[in-house]
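Report on one structure; see the data block that follows.
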Amino acid sequence: MLERFRRSLRFRLSLSGALAIFLFAAGTGFYLYATVKATLGQSIQRDVEETARVLQHKVVVDGDPVDQELLDVGDHLSVRFYSPEGKVVLESPNLAWLAPASAYPPAGQDRSLMGERPGEGHRLKVLTVPYPGGWYQVVRNCDTEAYLLRRIRLALAAVLTLMPFLGFSAGMLAVQRGLKPLDTLAAHAAAIRPENLGSRLDLAGFPLELEPLAEAINSTLDRLEAAFAKLSGLNADLAHELRSPLHAHRLELESILQRPDLQPDLADRLGGWMEDVDHLIAVIEQMLFLAQAEDPTVVLQQEPIPAEAMLQAVLRPFAAWAEDREIRLSIAAGAGGTFPGDPTLVRQALHNLVANAIRHSPEGGTITVAFSLASGHPVFTVEDQGPGLPLDLLPQVGRRFLKGGSGTGLGLAIASRIAELHGGRLSIENLVPAGARVHLALG
């Protein structure tokens with residue numbers, strides 16, 4: 001799981017985005033907190049200094065007596081006067097419990113500025129100023145500002161705690177949306193088949209950063225389509241070039257076999273050679289058909305096909321072969337059933353499946369060819385009583401020149417390709433105690 005997260009571009013981008021947002025929020029929050037704290041500190045300092053200046057003017061310059069009028073200094077401010085002996089002469093009513101004189105005694109002839117004493121439970125700013133009549137103190141209650149700073153710290157802590165999770169979630173959504181074109185690329189690549197090599201990515205909706213990748217994919221598809229066309233053409237050309245001399249050799253063998261003076265043992269050997277030539281011609285014909293079917297430019301000639309008539313036409317050429325081997329051919333198709341498809345290709349696919357079934361069926365067996373509709377899609381089944389396929393070969397059905405079978409595998413490869421052209425697939429299952437059932441499903 002950790003390795004999967006480490007390799008995930010979406011996770012890494014989201015994590016990086018969440019970290020960047022967290023650092024930005026933390027930096028901004030601490031800067032704003034420091035700015036607010038400094039501003040409040042300056043305001044408090046200004047209040048204390050301004051009050052001390054006013055008192056200094058009244059008691060020193062104006063010579064006002066030390067009485068109750070000097071205690072009226074505004075909100076959050078208190079005043080205390082000391083005699084030259086350090087005794088309290090006058091103080092604001094709340095000052096005795098807020099800032100006891102014993103905790104802030106005057107000393108020396110210099111101004112002194114003190115903050116809150118430990119354990120007193122209040123935030124205070126105390127300025128002690130000497131004057132000819134003793135000392136006076138200006139006390140500023142900073143509890144309101146301390147409460148405000150504490151609330152700011154709590155809010156900042158809450159924001160910084162939630163910010164990584166919110167940033168990561170928002171980053172995941174944003175990155176997922178930003179990487180959506182890559183999902184389109186992946187879906188397009190997964191949908192590439194020989195029959196749609198001509199499709200290309202539309203660059204109109206792609207981000208500029210992904211245009212080079214999309215163009216590279218389109219260029220790769222261009223080269224792949226050209227190479228596939230050359231390969232199919234080479235296969236067809238090779239099959240065509242081999243077919244002509246093989247037909248010539250077959251005709252020559254036929255003419256030799258018709259000689260009346262031909263010895264029996266030589267005739268047997270030439271007959272075996274003729275069977276080999278017929279087998280090679282059949283393989284080449286199948287290769288040529290497969291090359292044509294795999295051409296990416298092939299277009300299906302679809303039309304409504306009567307299922308029962310199609311099956312009868314497929315089985316008709318096999319009647320003599322099946323009769324020689326005492327094999328019974330059976331059709332199971334509902335009357336009036338039709339389906340859309342290319343009749344030439346579908347007939348070729350069924351022809352290959354029936355030929356394969358007869359080849360592997362025991363003498364006296366039965367082959368059943370059936371048609372049905374599954375979820376509205378046509379499905380043909382060809383069932384025989386032969387030995388079936390080895391279990392390790394079942395997943396490979398449809399691959400040409402399949403090792404382990406008695407034939408070349410081209411017949412099944414052609415049937416599989418025809419099913420794919422119709423949007424379906426070919427599959428085989430072994431029956432118990434013996435036999436195999438081939439499913440040719442068309443889309």
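Given R₀ = 51 Å, FRET efficiency for ALA191-THR144 by Cβ-Cβ distance, to 0.05?
It comes out at approximately 0.15.
What spacing in nm lies between the two simple spin-label points modelled at ARG7 and VAL432, each 7 Å away from Cα in the Cβ direction?
Placing both labels 7 Å along Cα→Cβ, they lie 4.0 nm apart.
What order, most packed first, do the peptides 127-139, 9-21 have when packing is the mean number of other Cβ atoms within 10 Å of each residue?
Highest to lowest by the protection proxy: 127-139, 9-21.
Between GLN42 and TRP321, what length in nm is gained on full extension when 0.36 nm per residue of separation is reduced by their alpha carbon distance?
89.4 nm
Taking the Cα-to-Cβ direction at LEU257 and at LEU19 and moving 7 Å from each Cα, how far apart do the two end points lie in nm?
My value for the distance between the label points is 8.0 nm.
Would you mind putting 63-69, 346-352 in packing order, based on average other-beta-carbon counts within 10 Å, highest first?
346-352, 63-69
Give me the extension gain from LEU182 to PHE30: residue separation times 0.36 nm, minus the current Cα-Cα distance, reported in nm with one decimal.
Stretched out fully, the LEU182 to PHE30 stretch lengthens by 50.8 nm.
With r as the distance between the Cβ atoms of LEU166 and GLU50 and R0 = 60 Å, compute the FRET efficiency 1/(1 + (r/R0)^6) and round to 0.05.
It comes to 0.85.
Roughly speaking, what is the stretch gain from ASP72 to LYS230, that is 0.36 nm per residue apart minus the C-alpha to C-alpha distance, in nm to one decimal?
Value of the extension gain: 46.5 nm.
Setting aside same-chain residues fewer than 8 positions from LYS87, which lysines have a Cα under 21 Å from its Cα?
Output for LYS87: LYS58, LYS125.
Compute the distance from the alpha-carbon center of the range 94-157 to that of the range 12-76, in whole Å.
Answer, in whole Å: 13.
Over the range 1-99, calculate the relative contact order: mean separation of alpha carbon pairs under 8 Å at least 6 apart, over the residue count, as a percent.
In percent, rounded to a whole number, it is 12.
Taking the alpha carbon gyration tensor of the range 86-180, what are the square roots of 5 times its eigenvalues, largest first, to the nearest whole Å?
Result for the range 86-180: semi-axes of 52, 12, 9 Å.
Can you compute the modelled spin-label distance between ASP222 and MET114, with each label point 7 Å from Cα toward Cβ, in nm?
8.7 nm
How large is the charge dipole for the range 74-170, taken about the Cα centre, if only the Cβ atoms of Lys, Arg (+1) and Asp, Glu (-1) carry charge, to the nearest 20 debye?
Here the range 74-170 has a charge dipole of around 220 debye.
Laboratory data are not the source of any read-out in this text; all were calculated from the coordinates shown. All of these numbers come straight from a predicted model, not from anything done at the bench. As a convention, Cβ positions derive from the backbone with ideal geometry for all residues, glycine included, and neighbour counts pool all protein chains shown.
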